[in-house]
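Novice: Structure incoming, see below.
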Amino acid sequence: MVSTTEVKNPPAATSRRRRRRVRTLTRRDRIVVALLLGIPLLLDLAFVWFPALATVLLSFTKWTGVGGIHLKACTSKGTLPGLPQPGCIFGVQNYNQAFTVYPDFWPAVRHNAIWLLVFIVFATPLGMLFAVIIDRGIRGSRVYQSLLFLPVMLSLALIGIIWELIYAPNLGLLNTVLGRNGNNNLINWLGDPHLNLWAILVEASWRQAGYVMVLYLAGLKAVDPALREAAIVDGANAWQTFWRVVFPTLRPINIVILVVTVIESLRAFDLVYITSKGNPLRGLELLSVSVTQNIVGETQRIGFGSTLGVVLLVISLVPITAFLFQAFRKEDR
Amino acid sequence: MSDSGSAPTSGRPDVTTQLSRRTALKGLAGVAGLAAAPALVAACSSSKKSSSSSSSSGTSAVAGGNITFGSNYSDAAPKAAFASLCTSATSKTGVKITVNTTDHNTFQNNISSYLQGTPDDLATWFAGYRMQFFAAQGLLTPVDDVWDKIGGTFNDAAKNLSKGIDGKYYFVPLYNYPWVVFYNKSTFSSKGYTVPTTWDQFVTLAKQMKKDNLVPFAFADKDGWPALGTFDIINMRLNGYDYHIKLMKHEVPWTDKGVTAVFNQWAEILPYCQKGATGRIWQDSAKTLENKQAGMMFQGSNQVAANYSKANLSDLDFFVYPVINTQFGTDYMDAPTDGFILPKKAKNQAQAKAVLEYVGTGEAETTFLKTDAWDTGLANGLVAPTYNAIQKKAVSEIAKCKNVAQFMDRDTVPDMATAMIKLIQSFIDNPSASNISSIQKSAEAQAKTIFT
C-alpha cells in the first residue's frame, strides 16, 4: 500500500521531509480514498448489514406490519379472536414455534439439503461433462452449446411454466407420451409429495447444467494447449490428461463453480414459487419460500418470517465462512 | 379496537397519528441505533387515536373529479364487465374512473402493504371476515353514509356481510355465487341418473358412474383453495352453520369430534374423486367435466360456469350438496360475496363514496352482469334480463338458505386458511384415520399460535 501511494504522490511532495512524505497522502488522495472506501461501505451497511440486523431484531417480535411495534412483551388480549394485535416483543417464541409447531420447517430444511446434494452430485458434474465434451471440438459443438445454454437465458419463472405444461397430469406432455394420462393411471408429477421435489430438481438441473457448462467452458478455453500436448507426448490418455493436468490447472474456476452451486441451491426459490403459485405444495417446502409466504402473504407474519430468514442466514453462513476461511488462509501463505 | 368517539377535527391531515410502515421502519432504524426507543413507544401510543374519517363531506352530489380504482378482476371476462360498470358509473356520477388492474393472486397477497402505502380510491375485495380483518386494523374507511342511501337495496344477510366487527359498514357488495355440484344434463339423461338428495344416493350415484367409466367427481387442488370448499360444505351439512363459524373463529378446537366426523365423511367419497388432485389446477378438472369424462364437480359457479365454453353452457346444470344430517337439511352453503372497499388512505373519499352509492344499486349490478354468465347480483329481487338458467337457479337456491358462509379463506384468519390448505392436501393424499388425527393435532397447534 505504502509503495503505491508513494508512486502516486505528485513530484512536489517528494521535496518534503521523508517522514512526512511516507505517512501522508495529499488532500485529494485522501478524499478519493475516503470516497472509494466510504461509498461501498455505506452501501454495504445500508443494504446488507442494516437489513440483516433488522431481520434478526424483528425475529424476536410479533408484527403484522400494520402500525408500529410496542417495546413490551406480547400479551394475549383475546378480545377479538384472530385479529392482529399491534407489534410486540415475542422473545424466542417464534423460534420455538418454527421448530415445533410450524409443519413446513423441517421438510424445508431437508429439501434445501437435498437440493444442494443433487446440484453437487448431479447437475454440476453434468455441466462439467458437457463442457469437456464440447471443448473436444466434436461436430456441431456450437449447436449443442447453444441448445444447452438456452435454459440459462430463460428466466426461472418461465422455466417453471414450461415444465408445468410438461408435467400437467391429464393434458401434460410427459404423461401423454408415457400413455399415463388417464384418470386411473396418471402420474401426479407435481402433486405427489414423494415425486414433486425430484420433478422440480430435473427442471433446476436442466438450467444449472447449462450454467456450469458455460462457466467451465470459459475456463477450459483458457487452458494452455501446450500443457495438453505435453501430456499427450508423455503418453497420457484422455482420462489422465483431464484429471491429472487440466483439472488441477482449473482450480480457480472449480472454486467459483462450487460457490455458485452452493449459492444457487440455497437461494432456490423461483421454480417452487411459480409451480406452487405462492402456497408451497406438500413436498416442495423450501426455507426461502416459507420466508416469502409468511412475510408477503395476505396477512403478514413479519416476526415469524424473519425468524425463518435468520435460520436461512445461519445455514448460509456455514459454506460462506468455510469459503472465506479457505480463501484467506491461502492469501496468508 | 374502535374508539369511534373521536370526531374528525377540521381538515387536519392525520399525518402524525397514522403510523405507517415507513414510520415503523424508521423507528426500527432507531432501535438499530439504540436511540429512538422512547420516540417509537410514543408514536405507537398515539396511533390508537387515529380519527375515524378524514373527510366529513360524505354526502354525494360531487360534480366531477377523478378517482382511481384498484381492481383484481384480471381475467378477461370480469375485466370487461368491470370496465362497463365503471363507464356507466362515470356517466351517472360524473366522476372519472381510472382502473388499475392487478393479477388477483398478487393483489390479494399484497393487500396489507397496498392499503398502507398509496392505495387507489376504491378497491375490489371480499365480504365477511376477510374484510373485517383489515377494517379492524384501521385500514378502511367506514361507509355508513353510503349505506344510508343504498340500505334499501339489500337484505339483512348482505348488510351483515358488509359490516365490520365494530358494527359500521366498510363494504359495498356487487355479486355472489354459489358453491354447488355441477353436472351435464346430457350425461344424466343419457345414463338415466337422477339428482341425489341424500348422502346415500350421492354415494350410490358415484359408484354407478365409476362402473360406467366416468370419473364421478372432477377434482383439483393444486391451487390449494378448491378443496376447502368441500370441507366447508360437509361441515355445514353435518354440524351446521353455527358450528362451522365457531370453528373458523377457533371457538371450537380443531381436535373436536365434529371435525373428525367431517374428514371421515369426506373419506367415503374420496375414492370417487379424480386421482392426482394435488397436482391439477381446477381449470383442468373443469375441462374433464366439460368433456364429459367426469360426472360431477363440486365448485363455485364463478369457476365452473365461467370456464365453460358458450356452446356447452346450456348443457350445464347443478344441484345443491345433498343432505347429510337431517337436522340441518340443505339450509346452508358457501356463497362468497365480492364487492368494494374504500381504503383509509384514499385521497378522493367524497368522489369514491359517490361511486359506491351508484355501485350499490340494482342498475349497476345489472350493468356488471350483462357479460357475466355465472355470478348473481345481491340487490333485493334483482333478476337481470341477461340471467341464464344457471344464474336464475343460483338466485333461488341462495335465497332458500337460512345462512350462507363465505368460504374458509374468507371466514377465518388468512393464516389459518393457509395452514388448512396444506393439511387438507395431506388428507387428500392419505385419508387414513391416523393421518386425520395428526392433521387435526397440527391444525389445533397452528390455530393456537395464530389465534393468540
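Novice: Mind checking which residues of the stretch B:86-113 are within 14 Å of chain A (Cβ to nearest Cβ) and in a loop (DSSP other than H, G, I, E, B)? First the steps, then the outcome.
Specialist: Kept after step one, since they are within 14 Å of chain A (Cβ to nearest Cβ), are these residues of the stretch B:86-113: B:102-113.
Of everything in the stretch B:86-113, those that are within 14 Å of chain A (Cβ to nearest Cβ) and in a loop (DSSP other than H, G, I, E, B) turn out to be B:102, B:103, B:110.
Novice: Can you confirm whether residue A:75 is more than 8 Å from chain B (Cβ to nearest Cβ) and either touching a residue at least 60 places away in the same chain (Cβ under 8 Å) or in contact with a helix residue (DSSP H, G or I) (Cβ under 9 Å, 6 or more places away or on another chain) (or both)?
Specialist: Details: more than 8 Å from chain B (Cβ to nearest Cβ): yes; either touching a residue at least 60 places away in the same chain (Cβ under 8 Å) or in contact with a helix residue (DSSP H, G or I) (Cβ under 9 Å, 6 or more places away or on another chain) (or both): no.
No, not satisfied.
Novice: Continuing with this model, one more query. Which of the residues that make up the stretch B:140-179 are touching an Asp or Glu at 6+ places or on another chain (Cβ under 7 Å) and farther than 17 Å from residue B:335 by Cβ?
Specialist: Within the stretch B:140-179, B:146, B:149, B:150, B:168, B:169 qualify.
Novice: Testing residue B:138 on (1) small (Gly, Ala, Ser); (2) surrounded by 23 or more Cβ atoms within 10 Å (Cβ to Cβ); (3) within 14 Å of another protein chain (Cβ to nearest Cβ), one condition comes back false. Which one is that?
Specialist: Of (1) small (Gly, Ala, Ser); (2) surrounded by 23 or more Cβ atoms within 10 Å (Cβ to Cβ); (3) within 14 Å of another protein chain (Cβ to nearest Cβ), only one is false for residue B:138: (2).
Novice: Being assigned to a helix (DSSP H, G or I) and either charged (D, E, K, R) or more than 25 Å from residue A:259 (Cβ to Cβ) (or both) is the requirement here; does residue A:132 meet it?
Specialist: Values: assigned to a helix (DSSP H, G or I): yes; either charged (D, E, K, R) or more than 25 Å from residue A:259 (Cβ to Cβ) (or both): no.
When the stated conditions are applied, residue A:132 does not pass them.
Novice: Name the residue, out of B:335, B:306, that is surrounded by fewer than 23 Cβ atoms within 10 Å (Cβ to Cβ), within 19 Å of the chain's Cα centre (by Cα) and in contact (Cβ under 8 Å) with a residue 60 or more places away in the chain.
Specialist: Working: B:335 fails: surrounded by fewer than 23 Cβ atoms within 10 Å (Cβ to Cβ).
None of the others qualify; the one that does is B:306.
Novice: Among the residues of the stretch B:221-236, are any among the acidic types (Asp, Glu), crowded, with 23+ Cβ neighbours inside 10 Å, under 22 Å from residue B:406 (Cβ atoms) and in contact with a Lys or Arg (Cβ under 8 Å, 6 or more places away or on another chain)? Spell out how you get there, then give the answer.
Specialist: Narrowing the stretch B:221-236 to residues among the acidic types (Asp, Glu): B:221, B:223, B:232.
Within this subset, residues satisfying the condition of being crowded, with 23+ Cβ neighbours inside 10 Å are B:221, B:232.
Next cut, under 22 Å from residue B:406 (Cβ atoms) only: B:221, B:232.
From what's left, in contact with a Lys or Arg (Cβ under 8 Å, 6 or more places away or on another chain): B:221.
Looking through the stretch B:221-236, at least one residue is among the acidic types (Asp, Glu), crowded, with 23+ Cβ neighbours inside 10 Å, under 22 Å from residue B:406 (Cβ atoms) and in contact with a Lys or Arg (Cβ under 8 Å, 6 or more places away or on another chain).
Novice: Moving to a separate point now. What helices (runs of 4 or more DSSP H) lie completely within the stretch A:214-305 and have 2 or more residues being away from chain B (no Cβ under 14 Å) and under 21 Å from the mean Cα position of the chain (by Cα)?
Specialist: A:251-266, A:270-276, A:287-296
Novice: Which is of a type outside the set (Asp, Glu), more than 14 Å from chain A (Cβ to nearest Cβ) and within 18 Å of the chain's Cα centre (by Cα), of B:83, B:76, B:158? First the steps, then the outcome.
Specialist: Values: B:83 fails: within 18 Å of the chain's Cα centre (by Cα); B:76 fails: within 18 Å of the chain's Cα centre (by Cα).
None of the others qualify; the one that does is B:158.
Novice: Moving on to the next point. Test residue A:269 against the criterion of being out of contact with any Pro (no Cβ under 7 Å at 6 or more places or on another chain), modelled with pLDDT of 85 or more and more than 30 Å from residue B:137 (Cα to Cα), and give yes or no. Full working, then the answer.
Specialist: Working: out of contact with any Pro (no Cβ under 7 Å at 6 or more places or on another chain): yes; modelled with pLDDT of 85 or more: yes; more than 30 Å from residue B:137 (Cα to Cα): yes.
So residue A:269 passes the test.
Novice: Right, here's the next one. So residue A:213 ticks every box in (1) surrounded by fewer than 17 Cβ atoms within 10 Å (Cβ to Cβ); (2) modelled with pLDDT of 90 or more; (3) in contact with a helix residue (DSSP H, G or I) (Cβ under 8 Å, 6 or more places away or on another chain); (4) more than 24 Å from residue A:273 (Cβ to Cβ) but one. Which box is left unticked?
Specialist: The one condition residue A:213 does not meet is (1).
Novice: If you take the residues in the stretch A:164-194 that are of a type in the set (A, V, I, L, M, F, W, C), under 29 Å from the mean Cα position of the chain (by Cα) and at the interface with chain B (Cβ under 9 Å from one of its Cβ atoms), which one is nearest to residue B:290 (Cα to Cα)?
Specialist: Filtering the stretch A:164-194 for residues that are of a type in the set (A, V, I, L, M, F, W, C), under 29 Å from the mean Cα position of the chain (by Cα) and at the interface with chain B (Cβ under 9 Å from one of its Cβ atoms), the one nearest to residue B:290 (Cα to Cα) comes out as A:168.
Novice: Here is a follow-up. How do the helices (runs of 4 or more DSSP H) wholly within the stretch A:1-78 filter down when requiring 3 or more residues that are of a type in the set (A, V, I, L, M) and either surrounded by 14 or more Cβ atoms within 10 Å (Cβ to Cβ) or at pLDDT 90 or above (or both): which remain?
Specialist: Working: elements: A:2-8, A:11-14, A:18-23, A:27-44, A:50-58.
Where helices (runs of 4 or more DSSP H) fall fully within the stretch A:1-78 and carry at least 3 residues being of a type in the set (A, V, I, L, M) and either surrounded by 14 or more Cβ atoms within 10 Å (Cβ to Cβ) or at pLDDT 90 or above (or both), they are A:27-44, A:50-58.
Novice: How about the stretch B:64-86: which of its residues are aliphatic (A, V, I, L, M) and within 22 Å of residue B:346 (Cβ to Cβ)? I'd like the intermediate steps shown before the answer.
Specialist: Looking only at the stretch B:64-86, we keep the residues that are aliphatic (A, V, I, L, M), and these are B:67, B:76-77, B:80-81, B:83, B:85.
Within the stretch B:64-86, B:67, B:83, B:85 qualify.
Novice: Which residue pairs have Cβ atoms closer than 7 Å, lie 6 or more positions apart in sequence or on different chains, and pair a first residue in the stretch A:256-267 that is among the acidic types (Asp, Glu) with a second residue that is at pLDDT 85 or above and crowded, with 16+ Cβ neighbours inside 10 Å?
Specialist: Partner pairs satisfying both residue conditions: A:264/A:119; A:264/A:208.
Novice: How many of the residues making up the stretch A:79-112 are exposed (fewer than 14 other Cβ atoms within 10 Å of the Cβ), at pLDDT 90 or above and more than 12 Å from chain B (Cβ to nearest Cβ)?
Specialist: Result for the stretch A:79-112: 3.
The values are calculated or read from the model by the stated rules, or taken from the named source; none is laboratory data. All values derive from a computational prediction rather than experimental measurement. As a convention, Cβ positions derive from the backbone with ideal geometry for all residues, glycine included, and neighbour counts pool all protein chains shown.
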